[in-house]
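Undergrad: Sending over a structure as structure tokens; questions will come in a sec.
Since every read-out is calculated from the coordinates, none of them should be taken as a lab result. Bear in mind the structure is a predicted one, so any value in this text is a computation, not a measurement. Cβ: placed from backbone, ideal geometry, glycine included. Neighbour counts: every protein chain shown.
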Amino acid sequence: MQSEPLVSLAVPDDIPGLLEIERASFSDPWTEAMMRAQVEGEGRLMTLARVGMAVAGYAGLMYVLDEGYISNIAVLPEFRRRGIASALIGDMLGRAKELGLSFLTLEVRESNAPARALYSASGFSDVGIRRGYYENPRGNAVLMTRFIK
Ligand code: COA
């Protein structure tokens, strides 16, 4: 089996696979309409990582002017801790540079230690807290940013 993830842009046919990852990863998953908007919407793009035939993970970017926002990132549980999310973020940083973005920002649950560790390892820094930002379950968001040179 091929072990290196291959990252590419998602297309509408990928939406069922993306929803499967979404539902396996979040207590309050995106609906199909939200996923479709991320794949097809203006000022948005979705990338996915394939390992062999499997769609193992995805990352979403929203951008306006020179500001980028990572809207979502997830990897199927059986593919975690193999560098797939790191590869998705690396690819996203390249796309952000091509788009002329100055920085990427994101929100992450304060209690989500794996994701916070991932973003710190990818050069993001904590820049603020949004109290009570999440529901189901209720929790704070940490705001993280990485500037793009
Ligand atoms: N515990 C501690 N650190 C972790 C971690 C964990 N469970 N998972 C990732 N990290 C950190 C480590 O520093 C890791 O490097 P290392 O393996 O060399 O130690 C680094 O992040 C890169 O990990 P990587 O293998 O690229 O991450 P992943 O492919 O396993 O995906 C998530 C990480 C967070 C996307 C994945 O756990 C996931 O899908 N979680 C559920 C969805 C979610 O919370 N998304 C984030 C929303 S903001």
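Undergrad: Filter the GluC sites (Glu not before Pro) in segment 4-110 to those in DSSP coil with at most 13 other Cβ atoms within 10 Å of their Cβ, and list the result. Please report the intermediate quantities before stating the final value.
TA: On the way: sites: 20, 22, 32, 40, 42, 67, 78, 98, 107, 110; in loops: 42, 110.
Those satisfying the criteria are 42.
Undergrad: What does the C-alpha gyration tensor say about the overall shape of the chain? Classify as rounded when a/c is under 1.5, otherwise prolate if a/b is larger than b/c, or oblate.
TA: Here the chain falls in the rounded category.
Undergrad: Excluding residue 20 itself, calculate the net charge of residues whose Cβ lies under 13 Å from the Cβ of residue 20, where each Lys or Arg counts +1 and each Asp or Glu counts -1.
TA: Details: positive: 23; negative: 14, 22, 32, 78.
With Lys, Arg at +1 and Asp, Glu at -1, the neighbours total -3.
Undergrad: Further question: Mind running the shape call on segment 1-53? Use the C-alpha gyration tensor, a ≥ b ≥ c as the square roots of the eigenvalues: rounded below 1.5 for a/c, prolate if a/b tops b/c, oblate otherwise.
TA: oblate
Undergrad: Further question on the same structure: When the Karplus curve 6.51 cos²θ - 1.76 cosθ + 1.60 is applied with θ = phi - 60°, which whole-Hz ³J(HN,Hα) does each residue of segment 86-99 get, with x for Gly and Pro?
TA: Calculated HN-Hα couplings, in order: 4, 5, 5, 5, x, 5, 5, 5, x, 5, 4, 4, 4, 7 Hz.
Undergrad: Same structure again: Please find, in a Gaussian network model of the chain (springs between Cα atoms separated by less than 10 Å), the residue of 130, 138, 81 whose mean-square fluctuation is greatest.
TA: Between 130, 138, 81, it is 138 that shows the largest mean-square fluctuation.
Undergrad: GNM on the chain, C-alpha springs below 10 Å: top fluctuator among 118, 88, 61?
TA: Evaluated over the chain, the most mobile residue of the options is 118.
Undergrad: Can you give me the C-alpha center-to-center distance between segment 74-116 and segment 5-59, rounded to a whole angstrom?
TA: Cα centroid to Cα centroid, the span is 13 Å.
Undergrad: Here's something else I'd like to know. Counting pairs of alpha carbon atoms under 8 Å apart in space and at least six apart in sequence, what relative contact order in percent does segment 1-70 give?
TA: Numbers: 98 pairs, mean separation 23.4, N = 70.
After rounding, I find 33 percent.
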